[in-house]
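One structure is given here, and the rest of the page talks about it.
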Amino acid sequence: MADELMPRSDEFGLAKSDAAKAPITNHESASLGKQLLGFWVTFKTMFKKVNTVQYPEVKEPTAERFHGRHQLNRHPDGLEKCIGCELCAWACPADAIYVEGADNKEGEQFSPGERYGKVYQINYLRCIFCGLCIEACPTRALTMTNEYELADDTRAKLIFEKDDLLGPLRAGMVPPPHPMYPNTDDGNYYRGEVTGSHPSQGIAKND
Amino acid sequence: MTNAELISQDPGWIIALKGVIIFAACVLLTIMSVWGERRIVARMQQRSGPNRVGKFGLLQALVDGVKLALKEDLIPKAADRIIFVLAPIISTTTCFMAFAVIPLTGEVNFFGYTTAMQLTDLSVGVLYVLAIASVGVYGIVLAGWSSGSTYPLLGGLRSSAQVISYEVAMGLSLVAVFIYSGSMSTSEIVAAQDRWWYAVVLFPSFIIYAISMVGETNRAPFDLAEAEGELVGGFHTEYSSLKFALFFLSEYVNIIAVSALATTLFLGGYRALPGLGFTEQWLGGWFTLVWFFVKVLAFFFIFVWLRGTLPRLRYDQFMKFGWKVLIPFSLVWIMIVSTLRVLSQRESSNFLVVAFIFSVALIYIAVTTLIDRAKVKTAIESNITNYSEPDFPIPEIPNSRAEQLNG
């Protein structure tokens, strides 16, 4: 009778093992000796090396791909990669990103192409560090760093502006706004054909 | 001279001074034991525990106390104000009072007076401790009731039910000690153990006491009253600031008090470990204080060890264990002990003693065999019911698809 209630095989004809058929019994307690073994485990652990990291003094590096604070990247000549498309803001499930794009003008060029991100804010009180914004970014302008010390004492301080998020100017970069590399268009930039700044773009940062 | 005679000669100021010293020692011990517990439990979990405030974090408990004192003192609107304030006071004072009859040292020189470090020596000292512990339950019940809130009420009920049930087992475990020492005075019980500790002679009693003292103090694995997942904080959920600190203090003083009682009744109190009797004369007798605290702290370590190892019991399991295992077991044990005692006092023949022990063993075997048989029988029956069709309607198992696939 019991056998009829239990199918002999599952959908794919695989025989169920006897162990799977056996009724689960969890009311049988382990023997006293086995239970007392637990005391030995905790006692032994007392003499093991402590696993605690003395945090503010000692800082262990994070995992390589840890999701930390965001960073807005630059092209090798110093122009910003962000084009103000707002895809990151749309992707954000926590509604933590606010972007306002604007047109690049003659003499006021921040990024290659037509548009750049004029206002860029990330609210770290809302951000859940899921990384969907990074996946959404079409120009690889937005990435995440490993920085995790983001505590502060007011709400306002935790809304990071574009200045806080922009990556540093490296050697050979010219601080925007400045014109694009001579005789290139945005396509050259995206294909990685611009590898540094040109003297006509402005005075490059050295060191 | 016995401790009772020594103490009876004390002038008033020495009694007062002793009271202050015992109180201070309890508070200090509490502070240190909070720190010690956190450190030891941390090590058992491979953490380092508090190590920031002072050397090795020694001042952690002190700082926590200051923090508690500086917190806002809230009294809920629905609370019964007078009882709400009274409850922590009751529970703290009672646990300190238990220490009055515990002998901390033997004969010592105390500011020119020969006395013993024991506040008073009642002829019914142990009963006094049990009575005081029972009064301490009022602190818990009243705290739960007066908070005017559901969780504290449930927590308070649980705590009190727990303390009362385990007090029965505790009291019964002490009966064997009374029978053997012929006294209920703490100092005389210590004196009666000068050859063999009662932890050895009355081992089952010692085990029952050790288990029930954990239940009595609401400590892990019997800390059902503070089951966070079920009851928030238990009876002291609505308490804050100094009133909470008092409950906290009383919990730890209680642990030290039951450990001190266990030391006194089962481990020879302030007496040195066997074979080290000569140390009792060191420092003019004051070295016995060291022995006393070594034993108490050993008990404290066991408390911490239990907390670090065992998960919390379910309420019904806990009650079942108390009423259906500990109490019947101690009752039978008391019968055996008292019979043996009577036989030895009447100087009966060895044959009679052996015959008695033999018959007890026979009864034990008979009873356990019957129980085992009953277990097997119920197991077989339950197996049968497991495999039979349930008596409620069940839907048919759709296996047509499986048949199709199998072809």
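No value in this document is a laboratory result; all are computed from the given coordinates. This is a predicted model, so every value here is computed, not measured. Please note: Cβ atoms are built from the backbone with ideal geometry, for glycine as well, and neighbour counts cover all protein chains shown.
For chain A, what does the relative contact order come out to in percent, with C-alpha contacts under 8 Å and a separation of six or more?
In percent, rounded to a whole number, it is 22.
What percent does the relative contact order of region B:1-62 come to when contacts are Cα pairs within less than 8 Å and at least six residues apart?
For region B:1-62, the relative contact order is 23 percent.
Using alpha carbons only, how many degrees (0 to 90, rounded to 10) separate the axis of helix B:327-345 from the longest principal axis of chain B?
50 degrees
How about region B:183-217: which chymotrypsin sites (Phe, Trp or Tyr not before Pro) there are in a DSSP loop, with at most 16 other Cβ atoms within 10 Å of their Cβ?
Those satisfying the criteria are B:Trp196.
Need one word for region B:15-156: rounded, prolate or oblate. Basis is the Cα gyration tensor (sqrt eigenvalues a ≥ b ≥ c); a/c below 1.5 gives rounded, then a/b vs b/c decides.
Taking the square roots of the gyration eigenvalues as a ≥ b ≥ c, region B:15-156 is oblate.
Across peptide A:41-54, what mean number of C-beta atoms from other chains lies inside 10 Å of a residue's C-beta?
If you average over the peptide's residues, the count of other-chain Cβ atoms is 5.
Could you calculate the FRET efficiency of A:Ile203 with A:Glu57 from 1/(1 + (r/R0)^6), where r is the beta carbon distance between them and R0 is 30 Å, rounded to 0.05?
Rounded to the nearest 0.05, the efficiency is 0.10.
Please identify every one of the trypsin sites (Lys or Arg not before Pro) in region B:59-119 that sits in a loop by DSSP and has no more than 11 other beta carbons within 10 Å of its own beta carbon.
Sparse-neighbourhood loop trypsin sites (Lys or Arg not before Pro): B:Lys77.
Using a/c under 1.5 as the rounded threshold, could you call region B:274-377 rounded, prolate or oblate? The axes a ≥ b ≥ c are square roots of the C-alpha gyration tensor eigenvalues, and prolate needs a/b larger than b/c, oblate otherwise.
It comes out oblate by the Cα gyration axes.
Out of residues 5 or more away from B:Leu313 or on other chains, whose amide H comes under 5 Å of its own, with H placed 1.01 Å from N in the peptide plane?
Counting only residues 5 or more places away or on other chains, the set is B:Asp223.
What ranking do A:102-108, B:160-166 get when scored by the average of other Cβ atoms within 10 Å per residue, highest first?
Ranking, from highest mean packing down: B:160-166, A:102-108.
Does region A:114-199 come out rounded, prolate or oblate by the C-alpha gyration tensor, with a ≥ b ≥ c the root eigenvalues, rounded set by a/c under 1.5 and, if not, prolate when a/b is larger than b/c and oblate if not?
Prolate, since a/c reaches 1.5 and a/b exceeds b/c.
Taking every DSSP beta bridge with both residues inside chain A, roughly what % is antiparallel (nearest 5)?
95 percent
Work the Kirkwood hydrodynamic radius out for region A:63-123: mean of 1/r over every pair of different alpha-carbon atoms, inverted, in Å.
Taking every pair of different Cα atoms in region A:63-123, averaging 1/r and inverting gives 12.7 Å.
For chain B, what is the calculated [θ] at 222 nm in deg cm²/dmol (nearest 500), taking -39500 (n - 2.57) for each run of four or more DSSP H residues and dividing by its residue count?
-22000 deg cm²/dmol
With +1 assigned to the C-beta of every Lys and Arg and -1 to the C-beta of every Asp and Glu, and no other charges, what is the dipole magnitude of region B:3-374 about the Cα centre in debye, to the nearest 20?
The dipole magnitude comes to about 860 debye.
Name the cysteines of the protein assembly as shown that stand alone by the Cβ rule: no other cysteine Cβ under 4.7 angstrom.
A:Cys82, A:Cys85, A:Cys92, A:Cys127, A:Cys130, A:Cys137, B:Cys26, B:Cys95
Relative contact order, percent, of region B:3-374 when contacts are C-alpha pairs under 8 Å separated by at least 6 residues?
21 percent
Just to be sure I understand the model, the point goes 7 Å from the Cα along the line to the Cβ. What's the resulting B:Glu5 to B:Asp372 distance in nm?
About 5.5 nm, to one decimal.
Starting with the highest mean, order B:317-323, A:80-86, A:198-204 by the number of other Cβ atoms within 10 Å, averaged over the residues of each peptide.
A:80-86, B:317-323, A:198-204
Roughly how crowded by other chains is peptide A:32-38, in terms of the mean Cβ count from those chains within 10 Å of each of its Cβ atoms?
Per residue, the average neighbour count from other chains is 1.
Please give the average number of partner chain Cβ atoms lying within 10 Å of the Cβ of each residue in B:36-43, rounded to a whole number.
Going residue by residue through B:36-43 and averaging, the value is 2.
For region A:52-207, take the alpha-carbon Rg, divide it by the Kirkwood Rh, and send me Rg/Rh.
Computed over Cα atoms, the ratio is 1.01.
If the only charges are +1 at each Lys and Arg Cβ and -1 at each Asp and Glu Cβ, what is the size of the charge dipole of region B:36-133 around the Cα centre, to the nearest 20 debye?
680 debye
Which residue, B:Asn218, B:Asn254, B:Asn109, tops the fluctuation ranking in a GNM of chain B built on C-alpha contacts under 10 Å?
B:Asn109
Can you give the FRET efficiency for B:Ile302 and A:Arg65, using 1/(1 + (r/R0)^6), R0 = 51 Å, r = Cβ-Cβ distance, to the nearest 0.05?
It comes to 0.65.
Binned at 10 Å from 0, what are the whole-percent values of the Cα-Cα distance distribution for region B:107-205, short to long?
Using 10 Å bins, I get a P(r) of 14, 31, 26, 19, 9, 1 for region B:107-205.
Mind putting a number on the dipole of the protein assembly as shown about its Cα centre? Charges go on the C-beta only, +1 for Lys and Arg and -1 for Asp and Glu, and I need it in Debye to the nearest 20.
Dipole of the protein assembly as shown, to the nearest 20 debye: 1720 debye.
With N residues in the protein assembly as shown, what two-decimal value do you get for its Cα radius of gyration over 2.2 N^0.38 Å?
With N residues counted in the protein assembly as shown, Rg over 2.2 N^0.38 Å equals 1.44.
Excluding A:Asn123 itself, calculate the net charge of residues whose Cβ lies under 13 Å from the Cβ of A:Asn123, where each Lys or Arg counts +1 and each Asp or Glu counts -1.
Here the count lands on 0.
Name the residue, out of A:Tyr55, A:Tyr181, A:Tyr189, whose mean-square fluctuation peaks in a Gaussian network model built on chain A with Cα pairs under 10 Å.
A:Tyr55
To the nearest 10 degrees, how steep is helix A:32-45 against the longest Cα principal axis of chain A, on a 0 to 90 scale?
So the helix axis and the longest Cα principal axis differ by about 30 degrees.
Compute the Kirkwood hydrodynamic radius of chain B, taking the inverse of the mean of 1/r over all pairs of distinct Cα atoms, and give it in Å to one decimal.
24.1 Å
At a Förster distance of 45 Å, what's the computed FRET efficiency of A:Asp95 paired with A:Tyr190, Cβ-Cβ distance as r, to 0.05?
The value I calculate is 0.95.
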